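First comes the structure, then the notes that go with it.
The values are calculated or read from the model by the stated rules, or taken from the named source; none is laboratory data. Computed from a predicted structure; not experimentally measured. Here the Cβ is made from the backbone with ideal geometry for all residues, glycine too, and neighbour counts use every protein chain on show.
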Amino acid sequence: MSAVATPVRPAGPGTATVVARAAGAEWVRLRTVRTTWWCLLAAAVTIVGTGVLMAFDAENVTETGVLPPATWAGEFGVLLGQFALLVAVLLAVTQEYASRAIGPTLQWTPRRGVLLAARVTVPVLVATVAGVLLALVADVAARLIEPGLTLSAADVADSVGRIAAVLAAGGVLAVGLGLLLRSTAGALAAVFLLQLVLPFLLPAFGVEWMADLAELLPGSAAIWTLLGEPDMTAAQATGQLVGWSAVALAAGGWSLLRRDAG
Amino acid sequence: MITVHGLTKQYGAVRAVDDLTFDVLPGKVTGFLGPNGAGKSTTMRMVLGLDRPTRGRALVGGRPVAGMAEPLHAVGALLDAGAVHPGRSGRDHLRVAARTHGIPPRRVDEVVDQVGLGPAAKRRVRGYSLGMRQRLGIATALLGDPGVLLFDEPMNGLDLEGVRWIRALVRRLAGEGRTVLLSSHLMSEMEQTADHLVIIGRGRLIADASLADVVRGGAVGQRVRVRTPSAGLLADALRRRGLRVSPADDGDLLVDGAAAETVGDVALAAGAAVHRLAEERSSLEQVYLDLTDTDVEYRVADEPAAVRS
């Protein structure tokens, strides 16, 4: 071991450097646990698998029997497969509270705002990029299986944008809830309820206010963004995706910045 | 150097740390002692910026750790050896830490070798023994070559070889001029390892002195044990001289803060026969028990306080 470091080091690195390092560390964290890879595998199977199934049954997908664009494959796939990706994002946050590894993490990155920036950006970016790439694979696979499906550059660009928006919004929601609840089970239940279960379940009761309530949930906006259902304007869907993510991020950010480490 | 000033932590109705003030100086090993629940870990967590003080401040090298860009170069800590993702290898755990500071991978290999983790570093932490986890935690603390080190109960659960290794390590770290704060329940280890002691009970400071001073100047630093058939008579006479007398469990009298000569003279004047008279020098363990006597959070219910030998 070298001699003791000089007691006062010259001015440390700037905030940009510290954030970049923290983001790099988040990436190493993600790729050095098997959970991440299992989640990506599950997402791959779900997204590409759903797309392939849709392609085999393409003429029955629309009510009119007209073949949809191939990008439907990726969009259907992401509707289901997003949950594997959201689990990966969520575990990146909550596993540290379960294992108490948040202690060492905050010893290495004690500026909480820096950790928040890295912890939101990196897992959400990884999940979004992975989801978009898998959707593209599903699109191409669908096109190969059913050559009648159209695959135009314009459709792909539009589809990629919508998929990325859904995954980014869902990812930020998951990070926010994870930081707020600090429990894998609790945050997982909350994400599933808001994103999938309640948007489908509430309208099924046939009670009007329940259906209205369901429409306000982030999952309904995500479903609309992917499939164009239920009836909703683009402004409303965007507002809900951004609004829910912002609220969850604000609450989770408060929890990380203001509360004791955990 | 660690500076703790007026440090207080309140959890609802419980005051875990109560107006603590002490400095930990470089170049020596400072032992941080206190019964369970005394607030040692909470204090260390506040020094590291993990928990926010209700009042007061804790500084490392004059600065709060919570604002540092590169804390691992200032302070290394092992608080909780189990606080590691079980699915990550020890080496990857260190690589994450290194990445937060731009520390080269070469340094990861160095600390792995230094703590003797060896090939186990490539295995997942899930399969580590407690001793291996402690070594990994110490490797993480040393990674940034910091001038200040905090170890919370590092000898817990270690075998004799591990204990000796940590003792030698902290002595060497202090010898290199670093500031070392070490908490432990193992009094005998403190006696062999620490130069200075900070003792707390129920969150309050009880003693902040060198090991030698604590042993010499403790509440029972000088104590005389006297055996007499006229215990009541002698005890009254000693108390009239203003001395503190308590019965030992075998019927002897224990006289605090007195010399053997004084006790012998009092016995002669009172006409009490003396069958045995001995000066006792207290061990650190005994001093510690005396100092923290009124501050034990969880006392065994039916243990009479006076009957401790």
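One residue stands out among those in region A:90-114 that are of a type in the set (A, V, I, L, M, F, W, C) and under 24 Å from A:Gly14 (Cβ atoms): the one that is farthest from the other protein chains (Cβ to nearest Cβ), which is A:Val114. Quickly run through region A:212-262 and pick out the residues that are among the hydrophobic types (A, V, I, L, M, F, W, C), surrounded by fewer than 16 Cβ atoms within 10 Å (Cβ to Cβ) and more than 29 Å from A:Ile102 (Cα to Cα). Listed by number, the residues that qualify are A:Leu213, A:Leu216, A:Leu227, A:Ala234, A:Ala235. Scanning region B:135-151 for residues that are in a loop (DSSP other than H, G, I, E, B) and under 17 Å from B:Val84 (Cα atoms) turns up just one, B:Leu143.
Taken over region B:152-184, the criterion of being in a helix (DSSP H, G or I) and either touching a residue at least 24 places away in the same chain (Cβ under 8 Å) or within 13 Å of B:Asp195 (Cβ to Cβ) (or both) is satisfied by B:Gly162, B:Val163, B:Trp165, B:Ile166, B:Arg167, B:Leu169, B:Val170, B:Arg171, B:Leu173, B:Ala174, B:Gly175.
Looking across region A:28-51, the residues that are within 14 Å of another protein chain (Cβ to nearest Cβ) and crowded, with 18+ Cβ neighbours inside 10 Å come down to A:Val28, A:Arg29, A:Leu30, A:Thr32, A:Val33, A:Thr36, A:Cys39.
So that you can scan it fast, the table gives a plain yes or no per residue for (1) touching a residue at least 60 places away in the same chain (Cβ under 8 Å); (2) out of contact with any Cys (no Cβ under 7 Å at 6 or more places or on another chain); (3) not in a loop (DSSP other than H, G, I, E, B):
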residue: B:Asp23; (1), (2), (3): no, yes, yes
residue: B:Thr30; (1), (2), (3): yes, yes, yes
residue: B:Val84; (1), (2), (3): no, yes, no
residue: B:His93; (1), (2), (3): no, yes, yes
residue: B:Val96; (1), (2), (3): no, yes, yes
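Looking at region B:82-112, which of its residues are small (Gly, Ala, Ser) and either over 18 Å from B:Asp152 (Cβ atoms) or surrounded by fewer than 23 Cβ atoms within 10 Å (Cβ to Cβ) (or both)?
Residues satisfying the conditions are B:Gly82, B:Ala83, B:Gly87, B:Ser89, B:Gly90, B:Ala98, B:Gly102.
Considering only region B:45-64, state which residues are touching a strand residue (DSSP E or B) at 6+ places or on another chain (Cβ under 6 Å) and part of a helix (DSSP H, G or I). Selection gives B:Met46, B:Val47.
Among the candidates A:Ala84, A:Ala58, A:Ala43, the residue that is in contact with a Pro (Cβ under 8 Å, 6 or more places away or on another chain), touching a residue at least 12 places away in the same chain (Cβ under 8 Å) and more than 25 Å from B:His93 (Cβ to Cβ) is uniquely A:Ala58. For region B:55-62, the condition of being assigned by TED's automatic domain parsing to the domain that holds B:Leu20, touching a residue at least 12 places away in the same chain (Cβ under 8 Å), in contact with a helix residue (DSSP H, G or I) (Cβ under 6 Å, 6 or more places away or on another chain) and of a type outside the set (A, V, I, L, M, F, W, C) holds for none of the residues. With respect to (1) among the small types (Gly, Ala, Ser); (2) surrounded by 14 or more Cβ atoms within 10 Å (Cβ to Cβ); (3) modelled with pLDDT of 85 or more; (4) touching a Lys or Arg at 6+ places or on another chain (Cβ under 9 Å), the lone exception for B:Ala278 is condition (2).
Of the residues screened, A:Val66 is one that is under 30 Å from A:Ala153 (Cα atoms), free of Cβ contacts under 8 Å to residues at least 40 places away in the same chain and surrounded by fewer than 24 Cβ atoms within 10 Å (Cβ to Cβ). Is it the case, given these coordinates, that B:Val65 is of a type in the set (Val, Ile, Thr) and within 8 Å of another protein chain (Cβ to nearest Cβ)? Yes: the conditions hold for B:Val65. Checking each residue in region B:42-60 for being within 8 Å of chain A (Cβ to nearest Cβ) and crowded, with 21+ Cβ neighbours inside 10 Å picks out B:Arg45, B:Leu48, B:Gly49, B:Leu50, B:Asp51.
Looking only at region B:118-134, filter to residues that are within 11 Å of chain A (Cβ to nearest Cβ) and assigned to a helix (DSSP H, G or I); which one of those is surrounded by the fewest Cβ atoms within 10 Å (Cβ to Cβ)? Talk me through it step by step, then tell me what you get.
At the first step, the residues of region B:118-134 found to be within 11 Å of chain A (Cβ to nearest Cβ) are B:124-126.
With the extra rule that they be assigned to a helix (DSSP H, G or I), the set shrinks to B:125-126.
Values: B:Val125: 23, B:Arg126: 11.
This residue is B:Arg126.
Could you tell me whether B:Val115 is in contact with a Leu (Cβ under 6 Å, 6 or more places away or on another chain) and surrounded by 21 or more Cβ atoms within 10 Å (Cβ to Cβ)? Criteria not met by B:Val115.
Here A:Gly161 meets the list (1) touching a residue at least 12 places away in the same chain (Cβ under 8 Å); (2) under 17 Å from the mean Cα position of the chain (by Cα) almost entirely, failing just condition (1). Number of residues in region A:148-181 that are of a type in the set (D, E, K, R) and either crowded, with 21+ Cβ neighbours inside 10 Å or modelled with pLDDT of 95 or more (or both) equals 1.
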